[in-house]
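J.: Provided herewith is a single structure, encoded as structure tokens, for subsequent inquiry.
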Ligand code: ADP
């Protein structure tokens, strides 16, 4: 499903990724943990096509990302990749329902079909009663659940989440954990989640440890 081979990345003189190899199978939920500055977000951005590696290869669903033109890459990203960020990044002027529908409409899904699907996903997130609300009228946990629904609307090959619980208080964190726990049994959806949240990492199928630009067996102090 996802195959990363010897990925290197530098920003100027700073070597951030020093030869990353990683394979993730279909339906797997993988967490990436490690100290700040280890390169976790950079790796996520490269796998998510938002950043380019200096060398090495990333394959997603048998597509070699380095072989796609910018235009094809943007299309590939919208169709195959979902994102959930620490700060939900919902569009404030649109309702929850509209926010979830937007990537489907960009992908040329018909309005009616997009609405039906968005409603189904919002129901799965426990948000049927909240979908006509705008982001400012939703709690932090609700906004993150809308962001998860939005990430799932185009049936992506993979969803990348960067600190999805990072901005939430304890109660909202617990809610997001149980959501991921439920999604694990309801969907055969691949998720790759960068997190400092140990509880969230503990409910994933596998945890990858990163340190100083490398994947390591365990974080040594
Ligand atoms: P982590 O997610 O593990 O905290 P990051 O991947 O965010 O680590 O960052 C790794 C290192 O790369 C940090 O030292 C960070 O400052 C640097 N870095 C990340 N993105 C950029 C960028 N766009 N330009 C320059 N340096 C960057």
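J.: Full extension from residue 199 to residue 52: what is 0.36 nm times the residue separation minus their Cα-Cα distance, to one decimal in nm?
T.: 49.8 nm
J.: Measuring from centroid to centroid over Cα atoms, what is the spacing of the stretch 177-210 and the stretch 34-102 in Å?
T.: The stretch 177-210 and the stretch 34-102 have Cα centres separated by 18 Å.
J.: Rounded to whole Å and sorted largest first, list the principal axis extents of the Cα atoms in the stretch 1-61.
T.: 36, 24, 18
J.: In addition: Based on the alpha-carbon gyration tensor of the chain, what equivalent-ellipsoid semi-axes (square roots of 5 times the eigenvalues) come out, in whole Å, largest first?
T.: After scaling each eigenvalue by five and taking roots: 29, 21, 15 Å.
J.: Moving on. So how do 148, 159 line up by other beta-carbon neighbours within 10 Å, fewest first?
T.: With the sparsest Cβ surroundings first, the list reads 159, 148.
J.: Running a GNM on the chain with Cα contacts under 10 Å, which residue among 143, 72, 52 ends up with the highest mean-square fluctuation?
T.: With Cα springs under 10 Å in the chain, the top fluctuation among 143, 72, 52 is at 72.
J.: Per residue of the chain, what 222 nm ellipticity follows from adding -39500 (n - 2.57) for every DSSP H run with n ≥ 4, rounded to the nearest 500?
T.: Helices in the chain give a 222 nm mean residue ellipticity of -11000 deg cm²/dmol.
J.: Find the Cα radius of gyration of the stretch 25-141, compare it with 2.2 N^0.38 Å by division, and give the number to two decimals.
T.: For the stretch 25-141, the normalised Cα radius of gyration is 1.24.
J.: Would the stretch 90-197 count as rounded, prolate or oblate if I go by the C-alpha gyration tensor, calling it rounded below 1.5 in a/c and otherwise prolate when a/b exceeds b/c, oblate otherwise?
T.: Cα axes put the stretch 90-197 in the oblate bin.
J.: Calculate, for residue 132 and residue 105, the FRET efficiency according to 1/(1 + (r/R0)^6) with r their C-beta to C-beta distance and R0 25 Å; round to the nearest 0.05.
T.: With R0 = 25 Å, the Cβ-Cβ based efficiency is 0.90.
J.: If you don't mind, another one. Would you mind calculating the gained length between residue 113 and residue 216 on full extension (0.36 nm times residue separation, minus the Cα-Cα distance), in nm to one decimal?
T.: 32.7 nm
J.: What is the helix-to-structure angle for 170-186, meaning the angle in degrees between its Cα long axis and the longest Cα principal axis of the chain, kept from 0 to 90 and rounded to the nearest 10?
T.: It is inclined by approximately 90 degrees.
Just so you know, all these numbers are worked out from the coordinates, no wet-lab data involved. Computed from a predicted model, the values in this text were never measured in an experiment. Neighbour counts are summed over all protein chains in view; Cβ atoms, including those assigned to glycine, are modelled from backbone coordinates with ideal geometry.
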